[in-house]
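What follows draws every value from the coordinates through simple rules; no lab data is involved. As the structure is a prediction and not an experimental result, all values here were calculated from the model. Every residue, glycine as well, gets a Cβ built from its backbone with ideal geometry; the counts of neighbours run over all protein chains shown.
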Amino acid sequence: MTETREAMLRVNQAGEFGAIRIYAGQLAVMGDRSPLSGEIAAMAQQEAAHRERFDALLVQRGVRPTILQPVWSAAGFALGAATALIGPEAAMACTAAIETEIDRHYTEQLEVLGDEDPELAGMIREFRDDEREHRDTALASGAERAPAYPLLFNAIRMGCRVAIAVSKRI
């Protein structure tokens, strides 16, 4: 397996783990009191299923996960909790930003893979479609009404790009 595919698996598994932690932070703040809690819990379950499949593929292919999982655990939970404290729309803005970036990231990976690895490409394509649904749900749920939406959206996207770059290597 090429280093590129190893990096893809490592970063994708880390991203799914981070998403789970973001939703955990949001739900820790919002509980089941918000009308959006059910949507967030459903997205979290889907991310957990993605992570399980990437975990299995890491083991199957002998790829080590990122050693930064403790960092992504704390950072993801903190980001989720902070956005939920701002309000439900900010929590949705967080989802919209991250899923916009993940859509871009997964699409780039599919272009690199081409027909070389149908198993991995199939997973990435499936998960990308799920992430697009999460983004669309977040936008439909008021993400763009969050306070300082453009600033929040772009700051979170930038943080996501940094996390992707670091997790590919470490």
Notebook entry, point to check: Taking all pairs of different Cα atoms in segment 34-81, averaging 1/r and flipping that mean, what Kirkwood radius in angstroms comes out?
Noted result: 12.6 Å
Checklist line | Relative pair counts by distance (%), Cα atoms of segment 53-141, 10 Å bins | finding: 16, 35, 36, 13, 1
Margin query: Sort 159-166, 61-68, 47-54 by the packing proxy (mean of other Cβ within 10 Å over each peptide's residues), most packed first.
Written below: 47-54, 159-166, 61-68
Check: Kirkwood hydrodynamic radius for the chain: how many Å is it when counted over pairs of different Cα atoms?
Finding: 15.9 Å
Next item on the list: Could you tell me whether segment 107-162 comes out rounded, prolate or oblate from its Cα gyration tensor? Rule is a ≥ b ≥ c as square roots of the eigenvalues, rounded for a/c under 1.5, then prolate if a/b exceeds b/c, otherwise oblate.
Entry: oblate
Notebook entry, point to check: Using a Förster distance of 25 Å, how high is the FRET efficiency between ARG61 and ASP103, based on the Cβ-Cβ distance and rounded to 0.05?
Noted result: 0.55
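With viscosity set to 0.890 mPa s at 25 °C, what whole-number translational diffusion coefficient in µm²/s follows for segment 1-54 from Stokes-Einstein and a Kirkwood radius over Cα pairs?
Stokes-Einstein gives a translational diffusion coefficient of 205 µm²/s.
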Check: Using the per-residue mean of other Cβ atoms lying within 10 Å as a proxy for protection, in what order, highest first, do the peptides 90-96, 76-82, 141-147 fall?
Finding: 90-96, 76-82, 141-147
Item checked: the chain: most fluctuating residue of GLU16, GLU131, GLU116 per GNM, C-alpha cutoff 10 Å -> GLU116
